[in-house]
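J.: The structure that follows is given in the form of structure tokens.
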Amino acid sequence: QVQLVESGGGLVQAGGSLRLSCVASGSIFNLNRMGWYRQAPGKQRELVASITTGGSTTYADSVKGRCTITRDSAKTVYLQMNSLKLEDTAVYYCDYVRVGRATNYWGQGTQVTVAA
């Protein structure tokens, strides 16, 4: 089992920045992909960004140039979000998946609210 704990969400004005953190614990394998998804009210959960332990990254088109995903170990991942927009408001979830496996593990989510 894998447990994920997110932190760093909050209320920010449009144009501001936030940095989200996620720490994984439990049965963590060195080859994995961790990422951030978000879900706004009435919408489906969508990928924001992901990063493998090899450093390969993927970004949603809506956040390219504004968000940067990094990691400093097999267990910790960050999402730096700049130039935040009202439409970035959502619950942000951290996920973990072992390379070669289909099971995603999720954190409890952290609320990001962008105000005008």
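The values are calculated or read from the model by the stated rules, or taken from the named source; none is laboratory data. Model, not experiment: these values are computed from the prediction. So basically every Cβ, Gly included, is an ideal-geometry build from the backbone, and we count neighbours across all protein chains shown. Calculation scope for accessible area: heavy atoms of the full protein, side chains included, ligands and nucleic acids excluded. Shrake-Rupley method; radii C 1.70, N 1.55, O 1.52, S 1.80 Å.
J.: Counting other Cβ atoms within 10 Å, keep those with at most 15, restrict to DSSP loop, and tell me which chymotrypsin sites (Phe, Trp or Tyr not before Pro) in the stretch 9-70 are left.
T.: Loop-located and lightly packed - Phe29.
J.: Also: Given the Cα-Cα distance of Thr103 and Asp61 and 0.36 nm per residue of separation, how much length would full extension add, in nm?
T.: 12.6 nm
J.: With a 1.4 Å probe and every protein chain kept in, tell me what percent of the accessible surface of the chain is carbon plus sulfur. Don't jump to the answer; show the numbers that get you there.
T.: Details: 2970 of 6000 Å².
Looking at the chain in its full context, I get 49 percent from C and S.
J.: When we measure straight from the Cα of Lys64, which lysines land under 23 angstrom away, once same-chain ones fewer than 8 places off are left out?
T.: Within the straight-line limit of under 23 Å, Lys64 reaches these lysines: Lys43, Lys85.
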